Every structure is written in C-alpha cells, then in structure tokens.
1. Within the stretch 70-86, is there a residue that is assigned to a helix (DSSP H, G or I) and open to solvent by 70 Å² or more (accessible area, probe 1.4 Å)?
2. When you scan the stretch 127-146, do you find a residue that is without any contact (Cβ under 8 Å) to a residue 24 or more places away in the chain, farther than 23 Å from residue 25 by Cβ and more than 12 Å from the chain's Cα centre (by Cα), even just one?
3. Being basic (Lys, Arg), under 14 Å from residue 11 (Cβ atoms) and surrounded by fewer than 18 Cβ atoms within 10 Å (Cβ to Cβ) is true for just one of 190, 158, 183. Which residue is that?
4. Just wondering, is there one or more residues in the stretch 149-165 that are without any contact (Cβ under 8 Å) to a residue 60 or more places away in the chain, within 26 Å of residue 45 (Cα to Cα) and polar (S, T, N, Q)?
5. Checking the conditions here, which among 20, 8 is small (Gly, Ala, Ser), modelled with pLDDT of 95 or more, open to solvent by 70 Å² or more (accessible area, probe 1.4 Å) and more than 24 Å from residue 139 (Cα to Cα)?
6. Restricting to the stretch 104-118, name every residue that is in contact (Cβ under 8 Å) with a residue 12 or more places away in the chain and in a loop (DSSP other than H, G, I, E, B).
7. Please find, among 96, 137, the residue that is touching a Gly at 6+ places or on another chain (Cβ under 8 Å), within 27 Å of residue 51 (Cβ to Cβ) and open to solvent by 40 Å² or more (accessible area, probe 1.4 Å).
Amino acid sequence: MTQSSNPAHGHLAGFKEYLAAHDSHSVFDDALASDALCNFHVHPGRIVTARLTGAETYDVTMTPAGGEAEVLQKHDIHFLYPAEQAAAVAKLVQPDSAVAGLGLAPSIYHRERRFVKNKTLFPLMQERTVVFVTLRDGSVIRGLITGFSRYDIQMSMKGGVVVTLLRHSLHDIRDKNGRGYLKSVQQKRKDWKKSSVFVAPAA
C-alpha cells in the first residue's frame with residue numbers, strides 16, 4: 001500500500017518519509033515483544049485477555065494468564081489495547097447497533113474490505129482531526145489518529161486511552177461533521193489536497 005509522491009500533482013510534506021519508517025510495522029510485533037497482557041476484541045463478539053506468544057503471517061497465538069494457548073487468524077481480530085485499560089475502553093467505545101445488526105463476518109478477501117488511503121490518514125493524523133471509526137463488529141471508536149501502517153491504525157481516545165484498530169476490520173471513518181474518509185469517497189473528494197500538509201505542484 002506504499003504510495004509515492006508525484007511532484008507534477010503535488011505532494012504531502014513528510015508523507016513519503018513517514019511511510020518509509022512505519023508502513024511495514026505491525027502492532028502484533030509490539031505485542032509479541034512486550035509480553036504484556038492485552039485485550040483482543042475478536043469475532044464473534046469475544047474479548048480475549050492474553051499475551052501474544054506467537055505471530056505468523058496469517059495467525060497469532062494468544063496465551064491467557066494461567067490458561068491454554070489459542071491460535072486465531074488475524075482477520076478475526078477487530079482491535080486491541082493494553083489489558084489495564086479495559087475499564088476505560090469499555091466506557092469509551094460505543095456500539096453502532098445498525099452495523100452490529102448486519103452481522104458482518106471477518107473480511108477474508110481484499111475485495112470484501114473497505115479501505116482508507118494512507119494519504120487520507122496522514123493529514124488527519126498531522127492535523128489532529130477527531131474521527132469516528134466504525135468497525136465491522138459495530139464498535140465505534142472516537143479519537144485522534146496517532147499512527148498507522150499497512151496493517152493497523154493507532155488511536156488515542158479521551159484521556160489518552162490508546163487502542164489499535166486492524167485495517168481489515170474497517171467499516172467506516174468520518175469526522176464530527178459527518179465527512180467520509182473511505183477510499184470510495186475520497187477518490188472523488190481528494191480532501192488531502194485541501195490539508196495544511198499538501199504542497200501544491202510548482203507552476
């Protein structure tokens with residue numbers, strides 16, 4: 001999903017450098033290295049509190065404290081966060097009953113997924129725009145984008161509560177005015193060209 005700048009069409013200042021540093025990183029790398037307990041929200045409607053003890057290309061191994069290891073496919077995971085933040089996250093994450101009622105299964109195939117462009121996320125992050133992200137399980141997460149890679153999006157919610165969303169679980173993303181940022185919308189709107197980090201092409 002790496003996207004290069006084209007000077008003839010303008011570019012986003014710092015965007016190419018950000019992708020070079022972060023695009024291939026995965027939250028599962030961090031969770032595996034930290035050996036910390038995390039809460040994983042997984043399909044269908046489960047919360048697994050465990051340490052990540054293994055990570056392969058498509059699967060992860062979770063080991064609960066005092067429990068048996070469980071192997072899950074990555075596409076079954078919607079979002080995760082440090083287990084000690086469970087109470088705060090429970091108060092802040094709101095359900096969208098209409099989306100939850102759709103009963104959307106994990107999106108195994110790329111053609112079934114909804115996408116947001118990296119060049120859309122970058123200005124939202126740099127400008128600290130509050131966004132509402134709806135996931136396929138109906139969870140609505142409100143906050144600031146603090147980082148992203150080709151695999152996930154990190155967000156800071158009220159009080160600095162940090163959660164990481166898996167991009168394969170994305171259903172919708174909007175700002176407080178209802179402006180949509182999915183690729184299907186931004187292909188035409190190109191709001192990144194209206195951002196403060198967009199550098200117009202030379203005349």
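The values are calculated or read from the model by the stated rules, or taken from the named source; none is laboratory data. Since the structure is predicted, the reported quantities are computational estimates derived from the model, not experimental observations. Ideal geometry is used to build each Cβ from the backbone, glycine not excepted, and the neighbour counts take in all protein chains shown. Ligands, DNA and RNA are excluded from the accessible area calculation, which covers all protein heavy atoms including side chains. Shrake-Rupley method; radii C 1.70, N 1.55, O 1.52, S 1.80 Å.
1. yes
2. no
3. After applying the criteria, what remains is 190.
4. Yes, that holds for at least one residue.
5. Of 20, 8, the one residue that is small (Gly, Ala, Ser), modelled with pLDDT of 95 or more, open to solvent by 70 Å² or more (accessible area, probe 1.4 Å) and more than 24 Å from residue 139 (Cα to Cα) is 20.
6. Within the stretch 104-118, 104, 105, 106, 107, 108, 113, 114, 115, 116, 117 qualify.
7. 137
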